[in-house]
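J.: Got a structure for you, questions after.
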Amino acid sequence: MTKAQLIPQLPQGLNNGLIAVAVIYGVYMLSKMYSAGDRLAEQVTAPVGQAWSDLAAWTNGYKPVEFSNAAFYLNSKYVADDGRIDPTWRNIMQRSNSGIAALFATIAPQGKLLSKYNYLINGEVSAKTVR
């Protein structure tokens, strides 16, 4: 091949390269537009989907699941002689599980252990042991 034969091929190769770059750029821009549309669709449909879910749950009688196996050990060092339960300890225990708060509401509604539950001192307090 001579020098004169290579020169006519150069513009054709340059054109193919420019076309390839244009196609890649076009695909990149389409990808960005798709992502933007996807985010917009998510913002629009998420509240509608949540509302539909809430409505379906309400009409089907949905109730949140509560942890029913709540239990704790009622240590005598947290119960005063008159039945008052240490409020700091009680708050810590209640925060650990909503079921424990319900147990405390049953056995010590005013912060003081009801006398009929004295048998729970130094023992397990649970739905099974509270009679």
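J.: Just checking, does region 64-83 include any residue being of a type in the set (Gly, Ala, Ser), assigned to a strand (DSSP E or B) and either assigned by TED's automatic domain parsing to the domain that holds Asn122 or closer than 19 Å to Gly123 by Cβ (or both)?
T.: yes
J.: Quick check on my filter: what residues within region 52-78 are touching a residue at least 24 places away in the same chain (Cβ under 8 Å), under 20 Å from Lys128 (Cβ atoms) and not charged (D, E, K, R)? Show your work before the answer.
T.: Within region 52-78, the subset touching a residue at least 24 places away in the same chain (Cβ under 8 Å) is 66-76.
Filter once more, so that each one left must be under 20 Å from Lys128 (Cβ atoms): 66-75.
Those that are touching a residue at least 24 places away in the same chain (Cβ under 8 Å), under 20 Å from Lys128 (Cβ atoms) and not charged (D, E, K, R): Phe67, Ser68, Asn69, Ala70, Ala71, Phe72, Tyr73, Leu74, Asn75.
J.: To continue, here is another question. Tally the residues that are in a helix (DSSP H, G or I) and loosely packed, with under 14 Cβ neighbours inside 10 Å, restricting the search to region 90-131.
T.: So the answer is 11.
The values are calculated or read from the model by the stated rules, or taken from the named source; none is laboratory data. Small disclaimer: the values here were computed from a predicted structure and weren't measured. Glycine also receives a Cβ, built like all others from the backbone with ideal geometry; neighbour counts cover every protein chain displayed.
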